[in-house]
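The values are calculated or read from the model by the stated rules, or taken from the named source; none is laboratory data. The model shown is predicted, which means the values in this text are computed figures rather than measured ones. No Cβ is skipped: glycine too gets one built from the backbone with ideal geometry, and neighbour counts run over all protein chains shown. What goes into the accessible areas is simple: the full protein's heavy atoms, side chains included, and nothing from ligands, DNA or RNA. Shrake-Rupley method; radii C 1.70, N 1.55, O 1.52, S 1.80 Å.
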Amino acid sequence: MATFAYGRVSTTEQSADNQKLEIEAAGHVVDYWFADTISGKTSATQRPQFAALLGQIRNGETLIVAKLDRLGRDAQDVGATVKLLATRKISVIVMQLGKLDLTSPAGKMMLTMLAAVAEMERDMLVERTQAGLARAKSEGKTLGRPSKTNAEQRTEIIAKYAAGESVSALARSYNVSRASILSVVKS
């Protein structure tokens, strides 16, 4: 049975070679290596090389990754990926967790615990972000992207639009997009 390894990096300035070396240094002989250069926000099955790996790996073989986040974009995606592999009796080893097979009963328990911790961390991040936004608003800070036009220009735009000037002409004269003009005249 073959051993597959998968690596992922986010940018072309990075290389998945270190992940491959880490796996090989742990004593694994890798028969097939796949690596994607793609954002971690992309689900595992939408990654070209991971999809190719899924098409080539056979039931009962082994997949090794350096880190858990290589298997998916979030806890749900990782869980779905591991379940998909488990239905095919493919062992999933994550070097970051030791040589624990995530498709084994102990591995499933570990994956469930990690998913719960990841979800809690995500919820806490949302809470902190909301608290920070509320504090900034209470301090009178303007949130969001700065306006491309000032109050005087917006008044002029509304008047000129009411007088019949086209959205395109206004956009050219104020050097902004048509969408910016429409947001001013529709408000």
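Could you tell me whether region 124-133 includes any residue that is over 21 Å from the mean Cα position of the chain (by Cα), of a type outside the set (A, V, I, L, M, F, W, C) and at negative phi? Among the residues of region 124-133, at least one is over 21 Å from the mean Cα position of the chain (by Cα), of a type outside the set (A, V, I, L, M, F, W, C) and at negative phi, which makes the answer yes. Here Ser10 meets each of (1) open to solvent by 20 Å² or more (accessible area, probe 1.4 Å); (2) modelled with pLDDT of 95 or more with one exception, condition (2).
May I ask you to say which residue of Lys99, Lys67 is in contact (Cβ under 8 Å) with a residue 24 or more places away in the chain, surrounded by 13 or more Cβ atoms within 10 Å (Cβ to Cβ) and within 19 Å of Tyr6 (Cα to Cα)? Being in contact (Cβ under 8 Å) with a residue 24 or more places away in the chain, surrounded by 13 or more Cβ atoms within 10 Å (Cβ to Cβ) and within 19 Å of Tyr6 (Cα to Cα) holds for just one of Lys99, Lys67, which is Lys67. On inspection, Thr3 does not qualify as polar (S, T, N, Q), free of Cβ contacts under 8 Å to residues at least 40 places away in the same chain and either out of contact with any Phe, Trp or Tyr (no Cβ under 6 Å at 6 or more places or on another chain) or surrounded by 13 or more Cβ atoms within 10 Å (Cβ to Cβ) (or both). In this entry, Ser39 is excluded by the filter for residues that are over 21 Å from the mean Cα position of the chain (by Cα), open to solvent by 20 Å² or more (accessible area, probe 1.4 Å) and within 23 Å of Ala118 (Cβ to Cβ). Within region 21-52, the set of residues being closer than 20 Å to Leu100 by Cβ and touching a residue at least 24 places away in the same chain (Cβ under 8 Å) comprises Glu22, Ile23, Ala26, His28, Val29, Val30, Ala44.
For residues that are β-branched (Val, Ile, Thr) and within 13 Å of Ala66 (Cα to Cα), scanning just region 13-36, find the one that is least open to solvent (accessible area, probe 1.4 Å). The extreme case among them is Ile23.
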